[in-house]
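K.L.:
This is the structure I want to talk about, given as structure tokens.
The values are calculated or read from the model by the stated rules, or taken from the named source; none is laboratory data. Here the structure is a predicted model, which means the values were calculated and not measured. Backbone-built Cβ (ideal geometry, glycine too); neighbour counts: all protein chains shown. Surface accessibility is based on the protein's heavy atoms, side chains included, excluding ligands, DNA and RNA. Shrake-Rupley method; radii C 1.70, N 1.55, O 1.52, S 1.80 Å.
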Amino acid sequence: MAKDSSRFVCQECGAITSKWVGKCETCGAWNSILEDKAESAPPKGITAKGGKRIDFVDLEGTPENFRRRLTGINELDRVTGGGLVQGSALLVGGDPGIGKSTLLLQAVARLAMGGASCAYISGEEAVDQVRLRAQRLGLEKAKVQLASATSVRDILASLDQNDAPDVVVIDSIQTVYLDTLDSAPGTVSQVRSAAAELIRLAKRRGFVLFLVGHVTKEGQLAGPRVLEHMVDTVLYFEGERGHPYRILRAVKNRFGATDEIGVFEMTDKGLMEVENPSALFLAERRGNVSGSCVFAGVEGTRPMLVEIQALVAPSGQGTPRRAVVGWDTGRLSMMLAVLDARCGMSLSGNDVYLNVAGGLKITEPAADLACAAALLSSATDRPVPSDLVVFGEVGLSGEVRPVGQEEARLKEAAKLGFGRALIPRRRRKTPGGLQGISPNEIGHLEDLVAIFRTSKAGAPP
Ligand code: TYD
Ligand code: MG
């Protein structure tokens with residue numbers, strides 16, 4: 001008989017060890033290993049005996065169209081790929097306090113007003129707390145079925161009915177538990193088993209299931225990283241503390257693209273959709289200061305202008321400081337190395353700070369040139385003209401490479417009143433200006449450095 005030996009599970013990545021260790025060898029997290037007695041060892045080898053033959057079909061056939069349900073919140077509908085697919089499970093992750101509960105309460109209220117039957121099950125807040133929030137948001141009249149519950153068995157019993165709701169929110173997956181497991185709510189085995197049960201029911205009954213998951217400070221979904229492959233869609237809700245802007249980002253979507261983002265603003269009346277994020281991200285920009293450059297980016301299908309700010313200051317320490325908000329630290333190091341090695345512009349004795357204004361996180365390589373311009377502008381104390389947008393990828397030899405969707409970027413810039421652009425050399429030239437903007441093409445980062453070195457203050461590119 002198999003001994004009921006206990007095992008130890010990393011709460012970050014789900015790796016299993018036979019003894020307790022302080023650091024998970026798989027993901028490197030510290031103090032994330034917990035004892036887990038809940039699941040017994042899997043059976044040793046199974047045979048085909050008693051199994052049924054499965055039916056194979058051809059690839060060709062008419063697939064049933066996914067039935068989608070629009071929430072009416074455009075930013076959310078865009079990120080989900082055009083509405084919520086019936087029978088699908090969505091994980092909404094984010095830091096505590098970022099606004100997940102607010103977003104989902106607003107979403108189900110809108111859906112309910114549109115005639116869908118919606119259930120909001122909170123394991124974190126009492127019914128009255130949720131009611132209070134609904135009142136504050138002016139949504140108390142929406143026909144949302146509200147409950148406070150944590151037992152998955154109870155939740156399943158209530159939802160496994162012929163009149164099951166169309167949309168169900170579980171807030172949060174870390175607070176619900178299965179009574180068949182010994183481990184505490186929020187542990188990997190609880191989170192995984194509870195989610196599996198709920199998702200199975202959602203598929204069977206055809207309702208949309210939202211699971212809320214909290215993220216640890218390292219930026220991972222606590223425990224439920226193991227959930228990411230179980231659900232159909234993973235959405236992250238992010239934003240900087242102290243900033244009202246919130247970005248909803250799809251990192252996985254079986255029913256749509258994953259590069260779309262939704263932009264919201266947190267107000268005292270809840271989350272408001274931001275239809276024109278560029279205008280918002282540029283709203284606080286001050287003209288004619290050095291170290292600031294406007295990047296014409298694209299998030300998913302939507303062009304988005306953001307201000308990149310850099311500060312290059314003499315360092316008082318042996319090891320200069322480098323700090324980045326909203327961009328990749330490694331990418332900054334690379335840019336500094338390219339400036340040094342290929343353009344003779346060394347910033348190695350300086351502290352360097354880079355900030356993407358407004359709390360947006362940029363992952364596009366197309367931001368390289370704009371970041372370089374911001375750095376050079378600060379280093380030479382020469383402002384980038386306030387009607388100039390910049391985009392382009394920079395390679396390791398300093399060459400400026402073309403990026404996608406040039407037209408869309410320039411169009412957005414023109415819409416917001418920018419008249420000039422600094423862009424990579426184009427392979428195919430459109431005669432005349434692009435979208436009413438006269439683009440200035442650049443082939444190598446050296447050329448940009450030269451512009452800043454030679455031009456008079458206030459008048460580069
Ligand atoms: P919440 O949705 O509870 O966050 P989460 O579920 O991700 O933990 O959001 C809480 C924060 O949002 C809280 O700090 C207050 C703020 N908030 C507003 O600013 N305006 C509002 O209308 C609401 C409901 C919340
Ligand atoms: Mg919450």
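K.L.:
Collect the residues in region 84-109 that are over 22 Å from Ala164 (Cβ atoms), more than 10 Å from ligand 2 (Cβ to nearest atom) and in a loop (DSSP other than H, G, I, E, B), keeping them in residue-number order.
P.N.:
Once the filter is applied, which keeps residues that are over 22 Å from Ala164 (Cβ atoms), more than 10 Å from ligand 2 (Cβ to nearest atom) and in a loop (DSSP other than H, G, I, E, B), region 84-109 yields only Asp95.
K.L.:
On the basis of being outside the structural domain of Cys118 (by TED's automatic domain parsing), of a type outside the set (Gly, Ala, Ser), outside any strand (DSSP E or B) and open to solvent by 30 Å² or more (accessible area, probe 1.4 Å), does Glu197 make the cut?
P.N.:
It is false that Glu197 is outside the structural domain of Cys118 (by TED's automatic domain parsing), of a type outside the set (Gly, Ala, Ser), outside any strand (DSSP E or B) and open to solvent by 30 Å² or more (accessible area, probe 1.4 Å).
K.L.:
Another question, then. Within region 80-87, does at least one residue satisfy the condition of being assigned by TED's automatic domain parsing to the domain that holds Ser158 and either within 16 Å of ligand 1 (Cβ to nearest atom) or in contact with a Pro (Cβ under 6 Å, 6 or more places away or on another chain) (or both)?
P.N.:
no
K.L.:
What single numbered condition from (1) within 8 Å of ligand 1 (Cβ to nearest atom); (2) open to solvent by 10 Å² or more (accessible area, probe 1.4 Å) fails to hold for Gly94?
P.N.:
Against the list (1) within 8 Å of ligand 1 (Cβ to nearest atom); (2) open to solvent by 10 Å² or more (accessible area, probe 1.4 Å), Gly94 comes up short only on (2).
K.L.:
Looking only at residues in region 277-300 that are open to solvent by 60 Å² or more (accessible area, probe 1.4 Å) and charged (D, E, K, R), which one is nearest to ligand 1 (Cβ to nearest atom)?
P.N.:
By that ranking, first place goes to Glu284.
K.L.:
Okay, moving on. Given the condition assigned to a loop (DSSP other than H, G, I, E, B), out of contact with any helix residue (DSSP H, G or I) (no Cβ under 9 Å at 6 or more places or on another chain), of a type in the set (Val, Ile, Thr) and within 15 Å of ligand 2 (Cβ to nearest atom), answer yes or no: does some residue in region 173-181 qualify?
P.N.:
The answer is yes, given that some residue of region 173-181 is assigned to a loop (DSSP other than H, G, I, E, B), out of contact with any helix residue (DSSP H, G or I) (no Cβ under 9 Å at 6 or more places or on another chain), of a type in the set (Val, Ile, Thr) and within 15 Å of ligand 2 (Cβ to nearest atom).
K.L.:
Additional query: I'd like to check something: does region 108-116 contain any residue that is touching a residue at least 12 places away in the same chain (Cβ under 8 Å), open to solvent by less than 20 Å² (accessible area, probe 1.4 Å) and under 17 Å from His214 (Cα atoms)?
P.N.:
No - not one qualifying residue is present in region 108-116.
K.L.:
Does region 132-142 contain at least one residue that is closer than 30 Å to Glu12 by Cα, in a loop (DSSP other than H, G, I, E, B) and open to solvent by 30 Å² or more (accessible area, probe 1.4 Å)? Talk me through it step by step, then tell me what you get.
P.N.:
Step one: of region 132-142, the residues closer than 30 Å to Glu12 by Cα are none.
No, region 132-142 contains no residue that is closer than 30 Å to Glu12 by Cα, in a loop (DSSP other than H, G, I, E, B) and open to solvent by 30 Å² or more (accessible area, probe 1.4 Å).
K.L.:
Please indicate, with yes or no, whether at least one residue in region 380-393 is of a type in the set (D, E, K, R) and buried (at least 19 other Cβ atoms within 10 Å of the Cβ).
P.N.:
Yes: one or more hits.
Here's the yes/no breakdown for (1) away from ligand 2 (no atom under 16 Å from the Cβ); (2) in contact (Cβ under 8 Å) with a residue 60 or more places away in the chain:
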| site | (1), (2) |
| --- | --- |
| Lys141 | yes, no |
| Ser148 | no, no |
| Ser183 | yes, yes |
| Ala194 | yes, no |
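K.L.:
Can I ask one more? When region 110-130 is examined, which residues are found to be farther than 19 Å from Leu76 by Cα, more than 12 Å from ligand 1 (Cβ to nearest atom) and assigned to a helix (DSSP H, G or I)?
P.N.:
Passing the criteria: Val127, Asp128.
K.L.:
Quick one: is Lys203 within 16 Å of ligand 1 (Cβ to nearest atom) and in contact (Cβ under 8 Å) with a residue 40 or more places away in the chain?
P.N.:
So Lys203 fails the test.
K.L.:
Take Thr267 and decide whether it is out of contact with any helix residue (DSSP H, G or I) (no Cβ under 9 Å at 6 or more places or on another chain) and more than 18 Å from Arg382 (Cβ to Cβ). Lay out the reasoning, then the answer.
P.N.:
Numbers: out of contact with any helix residue (DSSP H, G or I) (no Cβ under 9 Å at 6 or more places or on another chain): yes; more than 18 Å from Arg382 (Cβ to Cβ): yes.
Yes: the conditions hold for Thr267.
K.L.:
Which one is most open to solvent (accessible area, probe 1.4 Å) among residues in region 225-276 that are free of Cβ contacts under 8 Å to residues at least 40 places away in the same chain and more than 16 Å from ligand 1 (Cβ to nearest atom)?
P.N.:
His229
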